[in-house]
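Structure first, commentary second.
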Amino acid sequence: MQPAITRDLSDGKRNVAHSQARMAALFDVMLRTAETIDKKPAQALFSGSQIATAIHGTENIVAWNLAIKRSNQLVKGLFTNGRVHFMLFHAFDASIRVAMPGLNNSAVETVVENGIKRAIRLLLDAGCYAAANVLAYSGMDTMAFLNMPANRIDVMRSDFIAWTEQYMQIAVPDPPTGQDLYGMRCTVLHGGAPSRFTREGRGRPIGHVTVTELVRAYFAGVDRFLAELAVDPERADTANRRMAELLRTIPT
């Protein structure tokens, strides 16, 4: 094929558009600049080494999704083309923990972090709120067991109420008391029908508290409780002994 020219004759001797330096043939000029060979693709704004490690304590799991659409021309790589997702890790994520010298940290990891808290996170991520609710109340029982006096064997109602009132602070108007939580604990762990404790008026229903709010308060209470145990040798020894008992009952 003949190269594209500006006139209608391709073989004439006169008025032929000769090639010139730095000029391209008509219709061969792209509407945008040609892509360079081996060009460097757009990079994300934040690299792994630029992300500050911190735990943010606000909402549930994912704060927002930020979508940035590509334009017609590639500009300097400030953000990646397409969709960019930002995830904030909050109080639900306890991937960063400080070792507590007074406690058996391996037992804490197995019994509390993996056995209770991690399982609750997985259920919440999957949208299994009813199951997460059951495990949260069961976890309160476990904390009451670790916290009860050393000379006791069985957990009592008073142990559950004492632990929840001391360590759980649910940030809602008219927050539930330890007795309210105990009544709901009996309801949730025994089939879902209102417990006798609640029916008799000794504890209020707490339908105004979401599972997310309950779990957030429980996780924060667990962290405060373990921090206290770590600096109290006598209580830490009792908790370590009881966690050893719990380890023997965890299926593998």
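The set of residues in region 110-129 that are closer than 17 Å to residue 188 by Cα, in contact (Cβ under 8 Å) with a residue 24 or more places away in the chain and either surrounded by fewer than 18 Cβ atoms within 10 Å (Cβ to Cβ) or in contact with a strand residue (DSSP E or B) (Cβ under 9 Å, 6 or more places away or on another chain) (or both) contains only 129.
Condition check for residue 186 on (1) in a helix (DSSP H, G or I); (2) out of contact with any Gly (no Cβ under 9 Å at 6 or more places or on another chain); (3) without any contact (Cβ under 8 Å) to a residue 24 or more places away in the chain; (4) of a type in the set (A, V, I, L, M, F, W, C): one failure, at (2). Of all the listed residues (153, 170, 161), the sole one being of a type in the set (Val, Ile, Thr) and outside any loop (DSSP other than H, G, I, E, B) is 161. Whenever a residue of region 226-240 is assigned to a loop (DSSP other than H, G, I, E, B), its partners that are of a type outside the set (D, E, K, R), lying with C-beta atoms within less than 8 angstrom and at least six residues away or across chains, give the pairs 231/102; 232/102. Against the test of being farther than 27 Å from residue 110 by Cβ, of a type in the set (S, T, N, Q) and surrounded by 20 or more Cβ atoms within 10 Å (Cβ to Cβ), the options 177, 164, 210, 187 yield a single qualifying residue, 187. Within region 201-209, is even one residue touching a residue at least 24 places away in the same chain (Cβ under 8 Å) and outside any loop (DSSP other than H, G, I, E, B)? Taking every residue of region 201-209 in turn, none turns out to be touching a residue at least 24 places away in the same chain (Cβ under 8 Å) and outside any loop (DSSP other than H, G, I, E, B). All conditions in (1) buried (at least 19 other Cβ atoms within 10 Å of the Cβ); (2) more than 17 Å from residue 133 (Cβ to Cβ); (3) not polar (S, T, N, Q) hold for residue 200, with the sole exception of (1). Report yes if residue 249 is among the β-branched types (Val, Ile, Thr), modelled with pLDDT of 95 or more and under 23 Å from residue 122 (Cα atoms), otherwise no. No: the conditions fail for residue 249.
Scanning region 131-159 for residues that are within 18 Å of residue 188 (Cβ to Cβ) and free of Cβ contacts under 8 Å to residues at least 24 places away in the same chain yields a total of 5. Selection of region 241-252 for residues being part of a helix (DSSP H, G or I), exposed (fewer than 14 other Cβ atoms within 10 Å of the Cβ) and touching a residue at least 60 places away in the same chain (Cβ under 8 Å) yields only 244. Of the residues in region 179-190, not one is out of contact with any Leu (no Cβ under 9 Å at 6 or more places or on another chain) and closer than 28 Å to residue 102 by Cβ.
The values are calculated or read from the model by the stated rules, or taken from the named source; none is laboratory data. Nothing here was measured: the structure is a model prediction, and the numbers come from that model. Virtual Cβ from ideal backbone geometry, glycine too; neighbours counted across all protein chains shown.
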